[in-house]
Amino acid sequence: MLNRQGRPTQAGDAAAERHETFTGNRALQQIEPLIFEIGHHEATGVDIETPAPFKSRLGSHARQGEIGLPGLSEPEAMRHYVRLSQKNYGIDTGLFPLGSCTMKHNARLNEKVARLPGFADVHPLQPVSTVPGALDVMRELARYLMTLTGMPAVALSPKAGAHGEACGMMAIKAAIAAKGEGATRTVVLVPESAHGTNPATAALIGFSVKAVPARPDGTVAVDDVKALLGPDVAAIMLTNPNTCGIFEPQIVEIAAAMHEAGAYFYCDGANFNAIVGKARPGDLGVDAMHINLHKTFSTPHGGGGPGAGPVVLSERLAPYAPVPFIHLDGDEARLVEHTSDAPEATDPFGRMTAFHGQMGMYVRALAYMLSHGADGMKQASEDAVLNANYIRAGLADLMSLPFPDHPSMHEALFDDEWLKGTGVSTLDFAKAMIDEGYHPMTVYFPLVVHGAMLIEPTESESKASLDLFVATLRDLAMAARGNDKSRFTAAPHHAPLRRLDETRAARQPVLKWEKPAAVKDAAE
Amino acid sequence: MRYLPLTDTDREDMLARIGVSGVDELFSDVPAGKLLTEPLDLPRAKGELEVERIMGRMAAKNVAATSVPFFVGAGAYKHHVPATVDHLIQRSEFLTSYTPYQPEIAQGTLQYLFEFQTQVSALTGMEVANASMYDGSTGTAEAVLMAHRVTRRRKAVLSGGLHPHYTQVVETLSEMANDEVVALPADVTASEDILAQIDDSVSCVVVQSPDVFGNLRDLAPIAEKAHAHGALLIAVFTEVVSLGAVTPPGALGADIVVGEGQSIGNALNFGGPYVGLFAAKSKYVRQMPGRLCGETVDADGQRGFVLTLSTREQHIRRDKATSNICTNSGLCVLAFTIHMTLLGQAGLSRLAEVNHANAVKLADALAGVKGVEILNESFFNEFTIKLPKPAAAVVEALAEKGVLAGVPASRLMPGAGLDDLLIVANTEINTDDDRAAFVKALAEVL
């Protein structure tokens, strides 16, 4: 039977006992067509009066012919997007243990203050004399970031984590060039466990990448780093706590080895949320570290951004920070927007982005910091670590831990050793979690662990929530071992859609809506 | 602390279950002496009311665009955003979700990305668009790198009409990557001879239209010469509303089109977050940076959407990826696509027409002020005027009179000898009263 979309309603084995519906909808789960299928070219949801006749100054550039975009009236648009939203899982829906991504609670206070006209309706190029409050926010955010990291400088402008990585690595490249070693120091060391952004960033700005092998206990050994050091090495990019959720025990020795060899230590700060108020990167020998405001300081992830990636810098790198930045002359704050305008003793390497960075995110992150205070941020780190270890303790007898010798920090890493012979893969297990009402953990990352499952509950979960989560995963684990294979391999059964064919999407890419051929023909 | 659900009793029970005596035992890998024992020198936790007061005081010190006659543009524009947009983007399922790694429970995000890609390709006249970049400037730098990959050449020519911040972002990244950039000097009246720069060594030519001074540029001859020499044309815009009124770059031969999408759906936010639009010819799709959303089917044959062609991306290809970008501008994309859906082509055309009509009115009025000269032959909603005095001082004096008049060219290009130029934008938010206030105040100041 075909529903009104012309699609089969026979939804496979799990749906056999369900009644088909005329519409194809399932109560709150509504099939929602694309705007191109419901809108019209003459429709609009914004009332704008046509201006009185005037003499155009577009010259020969006036658009000929129509754009080809439908519009929707306001009620239609509202319904379209509300229905779409109902097909999404967010932190507010339930536990979202996506390791490395830090899906913690997004306080609405932060949304409210970011929308104050004095922040939201301020232009980056209006006279500086009319935006002292904006400079206050940047100064105050910088003070918090420098204090929390124990670093003397911060470049605020990078737009997200990977952009911050690029900024930090550019500062390193500039410092190396200033020493006249630009032609020789061309290699960046990156552990095998690193985020993909690390090697991609190094390559983006012209470095070649050498991998640091992973030790059997999930950490990086100073001896392995030393073996790779030489006059050709510019820096190491090391994540701490690392992507296996372990605080690198030899981090201080690694930093010292880098410095002794005339190289720099870039720290990927994606996991800084585990140690805020507990340890400072500045005390560990870090030269540059980006901070994902959307992870550690809870600016909303928004379905994939926007983020913000300020970079804290050591004394050695601070002079090379890109424009724009705020220069403090006594208590006087000056916005430096041009390299030609840079104060003495600074040598900015250039500019990362137009304007001054993610002001909207600065405001939200600062509101988060003010709300938590020094005490609350330390407690948040401790609770995040406690929650991760509590989950680990609750599952360690059923699921396999690749690195049992180190305590976990803010995330617990399992591998798929325990699934061997069950016919259930890490992906199957993740999809079965969807049926239980959870967003899956990060899967197949880090790459150093086979079939990785990286669970980061964050500090936002109550004990009751963690207990239910652990009980659910235990039930699933026992089912996987107990030959209840279809619960996994055919999962999800209860999501808005069943498992999607990603191979087909890549083999025959359809990247935009095209008018169906039959409709085209009829129109011609 | 209102955001932390654990009680002290919970914490004790949990530590016991884990089998440690205190939480610091979990931090045992932190090297000796590096675990902080004293609280950091920052204030203690505050209630919601107090935080709101502190943030409110800082916000109140700024002059908001909505509170005065406001003509500031040059890459970011104040437009009216329908109330529906901000309501919808704050729905929990959009706001608190993440990159759709699990497509079965992220169809909301994926479908709007697919719709967004379709909208951007229609607006720009291009075959394919990605799911966004951070903003127009970083998108432009990525477009240059993409052109280098396509052409296997490493030299970019930048028009003197390109927004100076965009030029600097391209120059910074290119210098780091050891690529060559030829940036032409500031070109106020669109009279540069960019064709003379194009030869067989050039990878791409980057031209902005409307340019930073507001001029509309002839892209077709540039595309033609670029193609004759195996180079690509990268067309840039900072005011996406212009695409409602002018010929799209795709129809003029552009190979990559990149621009700032802030004007639709997004607030000024003192410069960010914004949303970079990125479109190209489909034959170059595998060299594109950023995320792409594609259509597919689920196990029951139902239509659905997934992130696709990710073998271009850093999480798969690592140092061989087309870009290092990961998190992009998801929620700003949503704001853009909702606003664009509300407008439709009918609304967008009218919005563009009102912008242009208002700018023409203002130009005519300003031309009547003694000593003021309009420099543009053509423009959309922004143009450049020449003043008898340094523009920066005039703007300060006008700000004191309660008018935010525009961007002095010297703010963007100090030392370029353009101190007497002012870049003035006029959108649908400006009323006849705003324009009259501007003209009156300017006459007084001059």
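Please treat every number below as a calculation from the coordinates, not as lab data. Keep in mind that what you see is a predicted model, and the values were worked out from it rather than measured. We place every Cβ from the backbone using ideal geometry, glycine too, and count neighbours over all the protein chains shown.
Per-residue ellipticity at 222 nm for the protein assembly as shown, helices alone: DSSP H runs ≥ 4 residues times -39500 (n - 2.57), over residue total, nearest 500 deg cm²/dmol? Walk me through the intermediate numbers first.
Details: 29 runs with 336 residues, N = 970.
Computed ellipticity for the protein assembly as shown at 222 nm equals -10500 deg cm²/dmol.
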Scoring chain A by relative contact order with C-alpha pairs under 8 Å, at least six apart, yields a percentage of 17 percent
Order by neighbour count: B:H339, A:H41, fewest other Cβ atoms within 10 Å first, most last.
A:H41, B:H339
Is there a simple number for the mean count of other chain Cβ atoms within 10 Å of the Cβ of residues in A:472-483, and what is it?
0
Placing +1 at every Lys and Arg Cβ and -1 at every Asp and Glu Cβ, with all other atoms neutral, what dipole size does the range B:72-212 have around its Cα centre, in debye to the nearest 20?
220 debye
Arrange the peptides A:491-499, B:253-261, A:162-170 so that the one whose residues have, on average, the most other Cβ atoms within 10 Å appears first.
A:162-170, B:253-261, A:491-499
Relative contact order (percent, whole number), chain B, Cα cutoff 8 Å, 6+ residue spacing
20 percent
Other protein chain Cβ atoms within 10 Å, averaged over every residue that makes up B:159-169:
3
Which Cα, out of A:S340, B:I222, B:I18, lies furthest along the positive dipole direction of the protein assembly as shown (beta carbon charges, K/R +1, D/E -1)?
B:I222
With the dipole of the range A:374-507 worked out from charges on the C-beta (+1 for Lys and Arg, -1 for Asp and Glu) around the Cα centre, which of A:V385, A:V443, A:A495 lies farthest toward the positive end?
A:A495
Percent antiparallel among DSSP beta bridges confined to the range A:212-342, nearest 5, equals 55 percent
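First check a/c for chain A, with a ≥ b ≥ c the square roots of the eigenvalues of its C-alpha gyration tensor; if it is under 1.5, answer rounded, and if not, answer prolate when a/b is larger than b/c or oblate otherwise. Write down the numbers at each step before the final one.
Numbers: a/c = 1.83, a/b = 1.14, b/c = 1.60.
Note, shape of chain A comes out oblate.
If the only charges are +1 at each Lys and Arg Cβ and -1 at each Asp and Glu Cβ, what is the size of the charge dipole of the range B:347-446 around the Cα centre, to the nearest 20 debye?
Working: 9 positive and 14 negative charges, 21 e Å.
That gives a dipole near 100 debye.
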At the level of C-alpha centres, the distance separating the range B:368-406 and the range B:31-101, in angstrom, is 32 Å
The long-range amide H neighbours of A:V212, using H built 1.01 Å from N in the peptide plane and a cut-off of under 5 Å, are A:V190, A:E192
Tilt of helix B:48-60 relative to the longest C-alpha principal axis of chain B, in degrees (0 to 90, nearest 10)?
20 degrees
Taking alpha-carbon centroids only, the range A:149-190 lies from the range B:260-286 a number of Å equal to 26 Å
To the nearest whole number, what is the average tally of beta carbon atoms from other chains within 10 Å of the beta carbons of peptide A:36-44?
4
Checked against the positive end of the charge dipole of the range A:109-268 (+1 on Cβ of Lys and Arg, -1 on Cβ of Asp and Glu, about the Cα centre), the farthest of A:G164, A:G133, A:T186 is A:G133
Cα atoms only: what Rg and Dmax, in Å, come out for the range A:111-366?
17.9, 57
How would you order A:345-353, A:358-366, B:384-392 from highest to lowest mean count of nearby Cβ atoms within 10 Å?
A:358-366, A:345-353, B:384-392
Which peptide among A:442-452, B:136-146, B:108-118 comes first, and what is the full order, when sorted by highest mean count of other Cβ atoms within 10 Å?
B:136-146, B:108-118, A:442-452
For B:A60 and A:E66, FRET efficiency with R0 = 51 Å and r from the beta-carbon atoms, rounded to 0.05?
0.70
Could you tell me the distance between the Cα centroids of the range B:191-229 and the range A:313-364, to the nearest Å?
32 Å
Relative contact order (%) - criterion: Cα under 8 Å, at least six apart; region: the range A:374-507
28 percent
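Could you give the dipole magnitude of the range A:374-507 about its Cα centre, charging the beta-carbon of Lys and Arg +1 and that of Asp and Glu -1, in debye to the nearest 20? Walk me through the numbers before you get to the answer.
On the way: 13 positive and 20 negative charges, 135 e Å.
The calculation lands at about 640 debye.
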